[in-house]
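Engineer: There's a structure below that I have some questions on.
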Amino acid sequence: LIAITISTLLWGNLSNRYVWLVLIVMLAFGFIGWLDDTLKLRFHNSRGLPARWKLLLQSIVGIAAASYLYFTATMPAETQLLFPFFKNIAINLGLFYILFVYFVIVGTSNAVNLTDGLDGLAILPVALICVALGVFAYVTGNVFFSKYLFLPYVPGVGELVIICSAIVGAGLGSLWFNTYPAQVFMGDVGALGLGAAIGIIAVVVRQEIVLDRKSVV
């Protein structure tokens, strides 16, 4: 998370609100994971952070991020549910958008955490998903490409390619040190933080359903 943050601050456009939103959500969920890991490792509490407190903290961050996106939206496409392969189908969610985005962020974060807990190798699918999300971010943020490919144009979203690239780079670096004998383990810090990051990126580029399909595969 530190490598991703530093890379984004060095090469990203710091006047872009989406860049800050993704970083804040990623670091906030990473902090929640840090609390859980600290209780397990330093204080030898096998349960870690109680599930109800973990979900409460995740919900606060998720709802705050969803509310920010909803109330700062400048065009209908930013709060619509879009379906891949159907260019003319878009559902106006209204205030349900906040609840929907909340479930995407929190659900993706916990999905990555669960995946990492099963085999310890969640970083590879996260990196692969970020490659795809980076392509979507670039196309969605380009007025010409988005129009040609019948995707919604969202100004400023193209800058998220920087964060997606940083996640891929950090993930590949992590894999090098995760080979046998492993020197680096992701833990809840990385799993919750990275899961929330890909969740909020998918929301911003309007590809929540695509993210869900990739996660299932």
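The values are calculated or read from the model by the stated rules, or taken from the named source; none is laboratory data. All values reported here derive from a predicted model rather than from experimental measurement. Heads up, the Cβs are rebuilt from the backbone with ideal geometry, glycines too, and the neighbour counts pull from every protein chain shown. Just so you know, the surface numbers come from the protein's heavy atoms only, side chains and all, with ligands and any DNA or RNA stripped out. Shrake-Rupley method; radii C 1.70, N 1.55, O 1.52, S 1.80 Å.
Engineer: Being farther than 17 Å from Ser109 by Cα and either loosely packed, with under 11 Cβ neighbours inside 10 Å or polar (S, T, N, Q) (or both) is the filter here, so list the residues in the stretch 36-56 that pass it.
Structural biologist: Result: Thr38, Arg42, Phe43, His44, Asn45, Ser46, Arg47.
Engineer: Can you pull out the residues in the stretch 147-177 that are open to solvent by 50 Å² or more (accessible area, probe 1.4 Å) and farther than 28 Å from Ile2 by Cβ?
Structural biologist: Lys147, Tyr148, Leu149, Phe150, Tyr153, Pro155
Engineer: Something else now. So in the stretch 83-101, with the set limited to residues that are farther than 22 Å from Ile198 by Cβ and in contact with a helix residue (DSSP H, G or I) (Cβ under 9 Å, 6 or more places away or on another chain), which one is surrounded by the most Cβ atoms within 10 Å (Cβ to Cβ)?
Structural biologist: Per the criteria, the residue is Ala90.
Engineer: Kindly list, by first and then second residue, each pair from a residue in the stretch 190-212 that is on the phi > 0 side of the Ramachandran plot to a residue that is of a type in the set (Ser, Thr, Tyr), limited to pairs with Cβ atoms under 7 Å and residues at least 6 apart or on different chains.
Structural biologist: Close Cβ pairs satisfying both conditions: Arg206/Thr140.
Engineer: When the stretch 126-146 is examined, which residues are found to be assigned to a helix (DSSP H, G or I) and surrounded by fewer than 18 Cβ atoms within 10 Å (Cβ to Cβ)? It would help to see each step written out before you state the result.
Structural biologist: First, the residues of the stretch 126-146 that are assigned to a helix (DSSP H, G or I): 126-140, 143-146.
Listed by number, the residues that qualify are Leu128, Val131, Ala132, Val135, Val143, Phe144, Phe145.
Engineer: Every residue in the stretch 36-70 that is assigned to a loop (DSSP other than H, G, I, E, B) and over 14 Å from Val189 (Cβ atoms), please.
Structural biologist: Looking only at the stretch 36-70, we keep the residues that are assigned to a loop (DSSP other than H, G, I, E, B), and these are 42-50.
Correct list: Phe43, His44, Asn45, Ser46, Arg47, Pro50.
Engineer: Please tell me if Leu192 is out of contact with any strand residue (DSSP E or B) (no Cβ under 6 Å at 6 or more places or on another chain), buried (at least 19 other Cβ atoms within 10 Å of the Cβ) and part of a loop (DSSP other than H, G, I, E, B). Explain how you work it out, then say what you get.
Structural biologist: Details: out of contact with any strand residue (DSSP E or B) (no Cβ under 6 Å at 6 or more places or on another chain): yes; buried (at least 19 other Cβ atoms within 10 Å of the Cβ): yes; part of a loop (DSSP other than H, G, I, E, B): no.
Spelling it out, it is not the case that Leu192 is out of contact with any strand residue (DSSP E or B) (no Cβ under 6 Å at 6 or more places or on another chain), buried (at least 19 other Cβ atoms within 10 Å of the Cβ) and part of a loop (DSSP other than H, G, I, E, B).
Engineer: Counting only residues that are more than 20 Å from Gly141 (Cα to Cα) and open to solvent by 50 Å² or more (accessible area, probe 1.4 Å), how many does the stretch 5-34 have? Steps first, please.
Structural biologist: Step one: of the stretch 5-34, the residues more than 20 Å from Gly141 (Cα to Cα) are 5-7, 10, 24-34.
Still in the list and also open to solvent by 50 Å² or more (accessible area, probe 1.4 Å): 6, 10, 24, 27, 31, 34.
Here the count works out to 6.
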